[in-house]
Amino acid sequence: MPARAVRGVSAPPEVVFNTATDPARASAWLPAPLRSDGSPPAEISGEELRARWGHADWAAEIQVDPVDSGGARIQLDLTDGSGADPEQLADEALTNLAREVADNLQAG
């Protein structure tokens, strides 16, 4: 059963989604088995701000939604093929993604 982590960030949903789905930034936040070779996510819906990655027994699906305060709510469902603590891994992934979003905003 996948673990779910949810986090709010003070950035526009489109910036969060574009950062999350940028293959160059994926290695900074996705768990190692899901990091790509520079390819985009396996499935992506820019309209719904939803993307999915998968490899062997691992899968991650992210959904980014706007919030009234002008920020975004990120939901990550993670299936961990290693048998480790999937809740902790999902939370760490969102912490790393939030850091990437902040870096992206400062660079822009």
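Would you mind calculating the relative contact order of region 1-73 from Cα pairs under 8 angstrom and at least 6 residues apart, reporting the percent as a whole number? Averaging sequence separation for qualifying contacts and normalising by length gives 36 percent for region 1-73.
Spin-label model, Val15 to Ala84: label points 7 Å out along the Cα-to-beta-carbon direction sit 3.0 nm apart.
Taking other residues whose beta carbon is less than 12 angstrom from the beta carbon of Val15, and scoring Lys, Arg as +1 and Asp, Glu as -1, yields -3. With coordinates expressed along the principal axes, the C-alpha atoms belonging to region 55-101 extend over 37, 16, 16 Å, beginning with the largest. Ligands, DNA and RNA excluded, the heavy atoms of Val15 present near 40 Å² of accessible surface to a 1.4 Å solvent probe. Rolling a 1.4 Å probe over the heavy atoms of the protein chains gives region 1-85 an accessible area of 53 Å² per residue.
In whole percent, and with a 1.4 Å probe on the protein chains, what portion of the accessible area of region 6-80 is carbon and sulfur? Roughly 45 percent of what the probe reaches on region 6-80 is carbon or sulfur.
The values are calculated or read from the model by the stated rules, or taken from the named source; none is laboratory data. Treat the numbers as computed from the prediction; the structure is a model and nothing was measured. Cβ atoms come from the backbone with ideal geometry, glycine included; neighbour counts cover every protein chain shown. Surface areas here come from the heavy atoms of the whole protein model, side chains and all, with no ligands, DNA or RNA. Shrake-Rupley method; radii C 1.70, N 1.55, O 1.52, S 1.80 Å.
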